[in-house]
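The values are calculated or read from the model by the stated rules, or taken from the named source; none is laboratory data. Small disclaimer: the values here were computed from a predicted structure and weren't measured. Ideal geometry is used to build each Cβ from the backbone, glycine not excepted, and the neighbour counts take in all protein chains shown.
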């Protein structure tokens, strides 16, 4: 009996099956790595979106704290309100910095953040600075102009954008 005939006919399907098994195992490992990398990226995106959401909400709370503290100082002339205002201001600045770091790679969000910074600086210049120099008209915080609605709208834009990433 010819052994070469047996090797070609008998072992060829076994050899092909073994090679197919090796190829399928390699494909499975490659797919596993791709899925793992994709899962990690998605997890990182969601984590960053939640950090941005938390900082945005902190920024809004601190801005509201600033306004409430100014109003409290106007009504009572109690210097504790000025300390509360200063704490709110420091928290706002820290939140703006953290948001800037979190949004450094997102050009659209950077534009919104720049609008927030400009609004906050203008609001502070118009309402907080005169109050701290005792040259403040008490009715100015009641005006429509003193509203933090533009800030709230800009923060809502950031939150909506980040919510779309999460979903």
Within the set of pairs 6+ apart or on separate chains, which have a first residue in the range 86-112 that is on the phi < 0 side of the Ramachandran plot and surrounded by fewer than 18 Cβ atoms within 10 Å (Cβ to Cβ), a second that is modelled with pLDDT under 90 and outside any helix (DSSP H, G or I), and C-beta atoms under 6 Å apart? 110/103
Yes or no: residue 63 within 23 Å of the chain's Cα centre (by Cα), touching a residue at least 40 places away in the same chain (Cβ under 8 Å), in a helix (DSSP H, G or I) and farther than 17 Å from residue 102 by Cβ? yes
May I ask you to verify whether residue 27 is part of a helix (DSSP H, G or I), in contact (Cβ under 8 Å) with a residue 60 or more places away in the chain and either on the phi < 0 side of the Ramachandran plot or more than 30 Å from the chain's Cα centre (by Cα) (or both)? no
So which residues in the range 66-96 are within 16 Å of residue 121 (Cβ to Cβ) and either under 12 Å from the mean Cα position of the chain (by Cα) or not in a helix (DSSP H, G or I) (or both)? 95, 96
Quickly run through the range 113-122 and pick out the residues that are without any contact (Cβ under 8 Å) to a residue 40 or more places away in the chain and either in contact with a strand residue (DSSP E or B) (Cβ under 6 Å, 6 or more places away or on another chain) or surrounded by 14 or more Cβ atoms within 10 Å (Cβ to Cβ) (or both). 115, 117, 119
Any residue that is under 30 Å from residue 165 (Cβ atoms) and modelled with pLDDT of 80 or more - is there at least one of those in the range 141-150? yes
